[in-house]
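The values are calculated or read from the model by the stated rules, or taken from the named source; none is laboratory data. Quick caveat: nothing in here was measured; it's all calculated off a predicted structure. Here the Cβ positions follow ideal geometry from the backbone for every residue, glycine too, while neighbour counts run over all protein chains shown. To get the accessible areas, we keep the full protein, side chains included, count just its heavy atoms, and leave off ligands, DNA and RNA. Shrake-Rupley method; radii C 1.70, N 1.55, O 1.52, S 1.80 Å.
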Amino acid sequence: MIYPVISTRTPIFLTNLKTPRIHESCTKLRSISRSSQHQNPIENDIKPKTQFINPVLMTNTKSHYGFQAMLSLCGLGYWVQGFRCFPWLALNFHMAHNLNFNPSTLQLVQNSANFPMVAKPLYGILSDAFYIAGPHRIPYICIGVLLQILSWGQLALIPVTGQTLPSLMACVLLSNFGASIEEVSKDALVTEHGQKHRIKGLQSYSLMALAVGGILGNFLGGYFSHKLQPRTMFLIFSALLSFQLAISSSECLGLSHRQTPTGKSITDNIRKHLSGLMIAISEDTISKPLTWILTSIAMVPILSGSTFCYQIQCLNLDLSVIGMSKVIGQLMLLSLTLIYDHHWKQIPMRKLVGGIQFVYAFSLLLDLILVRQINAGIHISNEVFTLCFSGLAETLAQFKILPFMVLLATLCPQGCEGSFTSFVASTVCLSSLVGGFWGVGLAALLGIKGGDYTSLPVGLLIQFVAALLPLGWIYQLPMSCPAEKEMKKCIDETQVFERVVGSVRI
C-alpha cells in the first residue's frame, strides 16, 4: 500500500476551478440558517447542526475511503509491476542458456517486446474518452492484468510456446500490451487523485512500491533460478496476476457504474482529447523538459544484453549473483526515492538532474572495470563487484525520470490525465527503444557476439561519452517546479484546455 503524506505547503497541483461554487453554496446555507433562527430561535438551536454538519461528514468519509481504496489498488499494481522482473529473469536465462540466443538476438527480443508501450497515448485517450461500465479506469486495469495472465499462462502451461522465437515473441508482446494498458490506467489514477486531493509527488510513492516489488522479484528470481524450471516461475507469476485481477475486479464491482462523460460520440470525445493533448504538450514549460529527458535517454546505446551474456558466459557468474545485484539496485532506488521525497525536492531541478546525469555517466564505466578485470587487480572478486556496483547505472537511469514525472504531473491539465501521462510514458519508452536498437546496432558494428567480447570496452566508452552530451543543453530545464507565481498561468491554460475537451469528470 502507498500511504499518502499530505504536505502542509501550498500545493503545486492545479487548483480546483469549482471551489467558488462550493463557497457560494456554504454562504447560502449560512444565510438560510440565520433566517430560520430569526423565525424560530428555540427550535433552531439544534436543527442547524443536524441539517448541515452531518452531510459534510458523510461526504468526507466516502471521499477518504475512495482515496484509500485507490491507493491500495494502485499500490498493489505498482508492486506487481516491479515484481515482473521475477519471470523476466527466468525468461532471459531461458533464452541465453536453453535457446542459446547470441547477445544481439537476446537484446533484440528485449527491446522489441516494448513496442506495445509506444502506443500508450492511444490507450490513454481511449480511457479518458470512453467509460467502461464501472469506476472509469479500473476496468482497464482488469483488462491489462487479464492479458498478462493469458501470456505468462501460455508460456507456463504450453511447453512448445517457449521453444520457438515467433511464439515466444507473441507471448511477450501480449504480456507487454496488457502491462501498458494497466500502467496507463494506474498512472492516470495517481495523477488525477493527486490533483483532486492536492497531494504533491504521489509519483514518488508509486516508484517506492515498484522498487519494493523489484527487490522481492529479483531476490526470489535469483534464488529460484537454479531450483525451479522457467515454466514454474512463469506459473507462479501468473498466479500472482490472478490474485491482482481478483482484487481489481472486486473493487470494480463495489463501485457505482458511470457513463461516458458527455452525450457525444466516442469519436468526438477522442478527437477533443487529442486536440487538448496537442495544446498541452506545445507549451514550453512541458515541451522543453520532456525533450531533454527523451534525448538524454535515446542518445545512450544500451548494451545490457551484451553485458548479461558476458557475465554468464565469460565470467561464469551464477544467475543468483546477478539477481542479487538487481536487488541491491532496487534497494538503492528505494533509498533514493525516500531521500528525494523528504529532502531533494528542495534542490533546484536543473542542479539535481545535472548531478544525477553526471553520476550516471560515470557509473557506466563500472562495467568497463569488470570487463577489463581491474577489480581483480585490487583483490575484489567478480561476484562482490557485480553485487555492489552492477546495478548502479540502471538504478540511476530509473531514478532520473522521477523529478520529470513529478513536474509533468504538476502541469497536467485536468480531464487529460490518461492521455497526458500515457503520452509521457510512451515517449520515454520510445526513447528507451531507440537507445536499445542503437545498442544492438553498435554491438553488431563492433562485432560483439557470443564468445567474442574484445570490442565490448569500446562500446562501454561510447556509452560514457554519449551520457555526458545531454549536459550541454541542461539549461532547457527549469530551476525548480512551478511556483505560486506560475499558478495563474497554469490555471489559464487548463481553462483553455477544458474549452476544447469539455468538462470531463472522473
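Which pairs have Cβ atoms under 6 Å, sit 6 or more apart or on different chains, and link a residue in region 83-105 that is in contact (Cβ under 8 Å) with a residue 24 or more places away in the chain to one that is among the basic types (Lys, Arg) and open to solvent by 20 Å² or more (accessible area, probe 1.4 Å)? Taking only residues 6 or more apart or on different chains, the pairs are Asn102/Lys449.
Of all residues assigned to region 148-169, at least one qualifies as being within 17 Å of Gly82 (Cβ to Cβ) and not hydroxyl-bearing (Ser, Thr, Tyr).
Residues that are at pLDDT 85 or above, among the aromatic types (Phe, Trp, Tyr) and surrounded by fewer than 16 Cβ atoms within 10 Å (Cβ to Cβ): find the helices (runs of 4 or more DSSP H) completely inside region 409-506 holding 2 or more of those.
Details: elements: 417-446, 456-468, 487-501.
The helices (runs of 4 or more DSSP H) meeting that bar number zero.
So, of the residues in region 392-408 that are within 14 Å of the chain's Cα centre (by Cα) and open to solvent by 10 Å² or more (accessible area, probe 1.4 Å), which turns out to be modelled with the lowest pLDDT? Across region 392-408, the extreme among qualifying residues is Met405.
Scanning region 319-360 for residues that are open to solvent by less than 50 Å² (accessible area, probe 1.4 Å) and within 14 Å of Met208 (Cβ to Cβ) yields Gln330, Leu333, Leu334, Leu336, Thr337, Tyr340, Asp341. Scan region 365-388 and report the pairs whose first residue is in contact (Cβ under 8 Å) with a residue 12 or more places away in the chain and within 21 Å of Val458 (Cβ to Cβ) and whose second residue is open to solvent by 30 Å² or more (accessible area, probe 1.4 Å) and not basic (Lys, Arg), with Cβ atoms within less than 6 Å and a gap of 6+ or a chain change. Listed by first residue and then by second, the contacts come to Leu365/Phe464; Leu366/Phe389.
Taking region 208-245 only, how many residues are over 22 Å from the mean Cα position of the chain (by Cα), assigned to a helix (DSSP H, G or I) and more than 27 Å from Met332 (Cα to Cα)? Number of matching residues: 5.
Within region 270-299, no residue satisfies the criterion of being free of Cβ contacts under 8 Å to residues at least 60 places away in the same chain and touching a Ser or Thr at 6+ places or on another chain (Cβ under 9 Å).
Only one of these is among the hydroxyl-bearing types (Ser, Thr, Tyr) and open to solvent by 30 Å² or more (accessible area, probe 1.4 Å): Ser381, Ser363. Name it. Even if it seems obvious, please write down each step before you answer.
Values: Ser363 fails: open to solvent by 30 Å² or more (accessible area, probe 1.4 Å).
After applying the criteria, what remains is Ser381.
Among the residues making up region 204-246, those that are among the polar types (S, T, N, Q) and crowded, with 18+ Cβ neighbours inside 10 Å are Ser204, Ser206, Asn218, Ser225, Ser238, Gln244.
Note on region 294-318: among residues that are farther than 16 Å from Leu106 by Cα and part of a helix (DSSP H, G or I), the one that is least open to solvent (accessible area, probe 1.4 Å) is Ser296.
Out of the helices (runs of 4 or more DSSP H) lying entirely within region 335-397, which hold 2 or more residues that are polar (S, T, N, Q)? Spell out the reasoning first.
Values: elements: 349-363, 365-371, 374-377, 382-389.
Fully inside region 335-397 and qualifying: 349-363, 382-389.
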